[in-house]
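The values are calculated or read from the model by the stated rules, or taken from the named source; none is laboratory data. In this text, all values refer to a predicted model and were calculated from it rather than measured experimentally. With ideal geometry, Cβ positions are generated from the backbone for all residues, glycine too; neighbour counts draw on all protein chains shown.
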Amino acid sequence: MQIPIYQVDAFTSRVFGGNPAAVCPLDQFLPDAVMQAIGNENNLSETAFIVPNGDRFHLRWFTPEFEIDLCGHATLASAFVVFEHLRPDLQQVAFDTKSGELVVKREAAGLLSMDFPSRPPEPGASDSRLRQALGGKAGQILVSRDYMVVYRSEDEVRALKPNMNTLAEMDRMVIVTAPGKEVDFVSRFFAPGAGVAEDPVTGSAHCTLIPYWAERLGKTKLHALQVSRRGGELWCELNGDRVSMAGYAAEFLQGSIRITL
């Protein structure tokens with residue numbers, strides 16, 4: 001059988017920036033083992049699979065190692081594929097996911113805005129090896145789905161060279177963040193245990209970053225950069241127990257996967 005595949009760079013207006021995600025539109029989901037094998041073969045941080053349900057879509061995400069419960073950039077990439085190729089008549093699309101309904105809307109000038117759950121971080125126990133593995137002068141460590149480690153400056157976050165072998169042994173993925181020079185905050189994201197040493201741009205991490213920085217800075221609208229090598233830009237807003245993240249997307253390729261079931 002042949003499966004359509006698109007690769008989209010999310011949270012960027014140009015190819016070779018942002019975070020690449022694969023998107024595979026299906027009539028129905030394939031066996032989990034097959035979707036996982038495709039995710040591993042693609043070797044991107046996430047491969048998304050979407051199945052239509054009227055004007056809505058079911059959406060699932062796979063890293064190279066396992067299925068994940070929430071992914072921002074692959075949701076943005078999936079919405080881009082829906083708007084550009086599958087349902088150009090839609091102005092917004094709703095995805096049914098393991099994290100509930102996620103809605104993506106078209107905004108002006110090609111910007112896509114996503115509505116996600118807020119996941120505020122809280123004080124909690126962390127692996128004693130975390131500070132040493134990250135290096136630098138790590139400040140407060142908070143916990144949500146991921147560890148979130150706060151640094152004093154953007155330069156410190158950019159300069160980090162973590163021990164990926166140690167981070168791979170952690171029980172959670174790791175966000176590092178600091179105030180930005182020209183934006184409200186910057187971040188990086190490490191998930192070697194999920195087969196992704198450093199994720200270029202991580203929408204799901206901003207479910208935790210947005211409520212933290214909104215409270216710390218006393219504002220609900222925020223401008224963010226993820227300062228990985230590829231880099232990504234997000235326009236963020238805290239809306240009660242929800243957050244919105246807006247960004248651009250750029251299509252890199254489209255083709256087909258050939259497999260035998």
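Figures for the structure shown
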item: Residue satisfying all of: in the range 107-121; among the aliphatic types (A, V, I, L, M) and part of a strand (DSSP E or B); nearest to Leu238 (Cα to Cα) among these; result: Met114
item: Conditions (1) within 18 Å of Ser45 (Cα to Cα); (2) outside any loop (DSSP other than H, G, I, E, B); (3) at pLDDT 95 or above; (4) not aliphatic (A, V, I, L, M); number of the one not met by Gly193; result: (3)
item: Residue match in the range 129-140 (condition: surrounded by fewer than 17 Cβ atoms within 10 Å (Cβ to Cβ), part of a loop (DSSP other than H, G, I, E, B), in contact with a Lys or Arg (Cβ under 9 Å, 6 or more places away or on another chain) and on the phi > 0 side of the Ramachandran plot); result: yes
item: Failed item in (1) assigned to a loop (DSSP other than H, G, I, E, B); (2) closer than 19 Å to Arg172 by Cα; (3) among the hydrophobic types (A, V, I, L, M, F, W, C), with Leu44 passing the rest; result: (2)
item: Residue count for the range 19-56, restricted to those that are within 20 Å of the chain's Cα centre (by Cα), modelled with pLDDT under 95 and either among the small types (Gly, Ala, Ser) or on the phi > 0 side of the Ramachandran plot (or both); result: 2
item: Yes/no for Thr166 being at pLDDT 95 or above, in a strand (DSSP E or B) and outside the structural domain of Val82 (by TED's automatic domain parsing); result: no
item: Single unsatisfied condition, Gly54 versus (1) of a type in the set (Gly, Ala, Ser); (2) surrounded by fewer than 24 Cβ atoms within 10 Å (Cβ to Cβ); (3) touching a strand residue (DSSP E or B) at 6+ places or on another chain (Cβ under 8 Å); result: (3)
item: Matching residues in the range 231-261 - criterion: being within 30 Å of Ala33 (Cβ to Cβ) and of a type outside the set (Asp, Glu); result: Ala249, Phe252, Leu253, Gln254, Gly255, Ser256, Ile257, Arg258, Ile259, Thr260, Leu261
item: In the range 195-230, residue surrounded by the most Cβ atoms within 10 Å (Cβ to Cβ) [restricted to those that are of a type in the set (A, V, I, L, M) and within 22 Å of Glu122 (Cβ to Cβ)]; result: Leu209
item: Qualifying position, being assigned by TED's automatic domain parsing to the domain that holds Lys137, assigned to a loop (DSSP other than H, G, I, E, B), among the hydrophobic types (A, V, I, L, M, F, W, C) and closer than 20 Å to Tyr151 by Cα, among Val201, Val186; result: Val201
item: Residues being surrounded by 24 or more Cβ atoms within 10 Å (Cβ to Cβ) and part of a strand (DSSP E or B) - total across the range 7-23; result: 8
